[in-house]
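Q: Just passing along the structure, written as structure tokens.
The values are calculated or read from the model by the stated rules, or taken from the named source; none is laboratory data. Only a predicted model underlies this, so the values are computations on that prediction, with no experimental measurement involved. When we count neighbours, we look across all protein chains shown, and the Cβ atoms used for this are built from the backbone with ideal geometry, even at glycine. With ligands, DNA and RNA removed, areas are computed over all heavy atoms of the protein, side chains included. Shrake-Rupley method; radii C 1.70, N 1.55, O 1.52, S 1.80 Å.
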Amino acid sequence: QVQLQESGPGLVKPSQTLSLTCTVSGGSSSSGSYSWSWVRQPAGKGLEWIGRIYTSGSTSYNPSLKSRVTMSVDTSKNQFSLNLTSVTAADTAVYYCARGGYWGQGTLVTVSS
Amino acid sequence: QTVVTQEPSLTVSPGGTVTLTCASSTGAVTSGYYPNWFQQKPGQAPRALIYSTNNKHSWTPARFSGSLLGGKAALTLSGVQPEDEAEYYCLLYYGGGQGVFGGGTKLTVL
């Protein structure tokens, strides 16, 4: 059974960089041709697609976030990561990672000084 | 900016059938948009139900089905159960592999 777990700081200061890691267990980050996605959800609002990265390393990002987003994958550690720069309060949300239909439980990131 | 539109809310009786739809501001939705459907209950992470229009995950109940209907992606629930009450989101993929979620449909089973 594949499980995903997000990890990273729950509090980030404005203008700083939000960094999250998603660790996969019960499967391999390199097995098959998967894309790894990040999705976020502000409190009481809908889902927002942030972007995805393939095992090949190619990426696709939400145009509204593209200038601030970087994703990477480390197949040796079964992990993939999200960096979001220059954060503001509008980036406060629950962040989810997903792969092949499997989702992490989500992690709340608050942007505040 | 691309907008994906879903019904804000729908109500269905237990045992009934309901169809949720997902429209694109760019025009008719086709299989090339690889429609995905997700279910989310309060306080929980989303759960994937359907991918690539009509493919079910191993955990998707048989009463859920995906299709294309009148230029939209559609999710049909047949024989609705009380536990199906949830928010449902569709996700479409556009050029460059960029995804856009719909605003969600709140399904009430009453």
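Q: Can you find a residue that is under 24 Å from B:GLY104 (Cα atoms) and either surrounded by 14 or more Cβ atoms within 10 Å (Cβ to Cβ) or more than 13 Å from the chain's Cα centre (by Cα) (or both) anywhere in segment A:6-29?
A: Among the residues of segment A:6-29, at least one is under 24 Å from B:GLY104 (Cα atoms) and either surrounded by 14 or more Cβ atoms within 10 Å (Cβ to Cβ) or more than 13 Å from the chain's Cα centre (by Cα) (or both), which makes the answer yes.
Q: I'd like to check something: does segment B:51-63 contain any residue that is within 10 Å of the chain's Cα centre (by Cα) and touching a residue at least 24 places away in the same chain (Cβ under 8 Å)?
A: Scanning segment B:51-63, I find no residue that is within 10 Å of the chain's Cα centre (by Cα) and touching a residue at least 24 places away in the same chain (Cβ under 8 Å), so the answer is no.
Q: Further question on the same structure: Scanning for something of a type in the set (Lys, Arg) and crowded, with 17+ Cβ neighbours inside 10 Å, does segment B:83-106 turn up at least one residue?
A: no
Q: For segment A:86-105, how many residues are within 25 Å of A:VAL24 (Cβ to Cβ), more than 10 Å from every other protein chain (Cβ to nearest Cβ) and open to solvent by 40 Å² or more (accessible area, probe 1.4 Å)?
A: 0
Q: Yes or no: A:TYR54 aromatic (Phe, Trp, Tyr), more than 10 Å from chain B (Cβ to nearest Cβ) and over 11 Å from the mean Cα position of the chain (by Cα)?
A: Here the answer is no, as A:TYR54 does not meet what is asked.
Q: Continuing with this model, one more query. Answer with yes or no whether A:SER72 is within 14 Å of chain B (Cβ to nearest Cβ), open to solvent by 40 Å² or more (accessible area, probe 1.4 Å) and free of Cβ contacts under 8 Å to residues at least 24 places away in the same chain.
A: For A:SER72, the condition - within 14 Å of chain B (Cβ to nearest Cβ), open to solvent by 40 Å² or more (accessible area, probe 1.4 Å) and free of Cβ contacts under 8 Å to residues at least 24 places away in the same chain - is not met.
Q: Let me ask something additional. Among the strands (runs of 3 or more DSSP E) lying completely within segment B:32-110, list those that include at least 3 residues that are of a type in the set (Ser, Thr, Tyr).
A: B:86-93
Q: Can you spot a residue in segment B:59-69 that is open to solvent by less than 10 Å² (accessible area, probe 1.4 Å) and farther than 24 Å from A:PRO42 by Cβ?
A: Going through segment B:59-69, the residues open to solvent by less than 10 Å² (accessible area, probe 1.4 Å) turn out to be B:64.
Pick out the ones that are also farther than 24 Å from A:PRO42 by Cβ and you get B:64.
For segment B:59-69, residues open to solvent by less than 10 Å² (accessible area, probe 1.4 Å) and farther than 24 Å from A:PRO42 by Cβ: present.
Q: Which residue pairs have Cβ atoms under 8 Å apart, sit 6 or more places apart or on different chains, and have a first residue in segment B:80-107 that is more than 11 Å from chain A (Cβ to nearest Cβ) and over 15 Å from B:LEU49 (Cβ atoms) and a second that is surrounded by 18 or more Cβ atoms within 10 Å (Cβ to Cβ) and not hydroxyl-bearing (Ser, Thr, Tyr)?
A: Here the result reads B:PRO82/B:VAL109, each pair linking segment B:80-107 to a residue that is surrounded by 18 or more Cβ atoms within 10 Å (Cβ to Cβ) and not hydroxyl-bearing (Ser, Thr, Tyr).
Q: Can you list the strands (runs of 3 or more DSSP E) lying wholly within segment A:58-113 that have 2 or more residues being closer than 29 Å to B:LYS56 by Cα and at pLDDT below 95?
A: In segment A:58-113, the matching strands (runs of 3 or more DSSP E) lie at A:69-74, A:79-84.
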